[in-house]
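In what follows, a structure is listed as structure tokens, so that the remarks can point back to it.
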Amino acid sequence: METQIPEFYEIYGRKFKLLIGQNEIAKRVKEIAAIINNDYKEKKPTFLIILKGAIFFGSDLLRHISLECEIEVVRARSYGKTMKSSGNVNLDMKVEIENKDVIIIEDIVDTGLTLSKLLAKLNEMHPASIEVAAFLSKPAQRKLEVNVKYVGFEIPPSFVIGYGLDYAEKGRHLPCIYSLAD
Ligand code: PRP
């Protein structure tokens, strides 16, 4: 059931407008889980949730995964308090993925800098395979080509918040995606 949510949301004087609603999100997340369940039916994947942004997408997606699997978390930070990717990606990870089939769960792929740095580090650990599931993708913003196998929604370059995504740590709790409107 869809909670009553406002059309607009304001953070530090910046106005955001509703872009993707709860029902649409729930439907798409379920679809992606079904595709992964089918693609990995012979495997036991390890899901790697990238904090903090992917907390909502990760927990919603995983509730629809019917495979035997494991969950790990990794902290990645590049935006700080701005609306632009800093290019300096800070990774904090202690994961054991050797010979495992890894599925990275990201909230958003924007420039692709975070993901390419993450993939480079993970590949050094010799996993059996690595794929990426990203809730949102902004293809027009890419600075580095990255292969994202499962994408929830492709969106325009505008800054977005909600469903785990923040503006200076605010707005993560919103159940929907909002886009900068001013
Ligand atoms: C966001 C997001 C991705 C990355 C995408 O993380 O969660 O990890 O930026 O941007 P990119 O493709 O331009 O690298 P952020 O640094 O905001 O940390 P957070 O998830 O804790 O908010």
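Here are some notes:
- Top-ranked residue of the range 152-176 - restricted to ones that are among the aliphatic types (A, V, I, L, M) and within 13 Å of the ligand (Cβ to nearest atom), ranked as farthest from S137 (Cα to Cα): A168
- Cβ pairs under 8 Å, 6+ apart, first in the range 140-169 and in contact (Cβ under 8 Å) with a residue 60 or more places away in the chain and surrounded by 13 or more Cβ atoms within 10 Å (Cβ to Cβ), second acidic (D, E) and assigned to a strand (DSSP E or B): Y150/E131; Y163/D107; G164/D107; L165/D107
- Against the test of being open to solvent by 70 Å² or more (accessible area, probe 1.4 Å) and modelled with pLDDT of 90 or more, the options N88, N99 yield a single qualifying residue, N99.
- Considering the conditions (1) of a type outside the set (V, I, T); (2) surrounded by 17 or more Cβ atoms within 10 Å (Cβ to Cβ); (3) under 15 Å from the mean Cα position of the chain (by Cα), L122 is excluded by exactly one of them, (3).
- Any hit, the range 52-75, residues being open to solvent by 80 Å² or more (accessible area, probe 1.4 Å), aliphatic (A, V, I, L, M), more than 15 Å from G164 (Cα to Cα) and in a strand (DSSP E or B): yes
- Residues of the range 85-144 that are in a loop (DSSP other than H, G, I, E, B), among the polar types (S, T, N, Q) and either within 15 Å of the ligand (Cβ to nearest atom) or in contact with a Phe, Trp or Tyr (Cβ under 6 Å, 6 or more places away or on another chain) (or both): S85, S86, N88, T111.
The values are calculated or read from the model by the stated rules, or taken from the named source; none is laboratory data. Just so it is clear, the model here is predicted, and its values are computed rather than measured. A quick note on method: Cβ atoms are made from the backbone with ideal geometry, for glycine too, and the neighbour counts reach across all protein chains shown. Quick note on the areas: whole protein, heavy atoms, side chains included, nothing else; ligands and nucleic acids left out. Shrake-Rupley method; radii C 1.70, N 1.55, O 1.52, S 1.80 Å.
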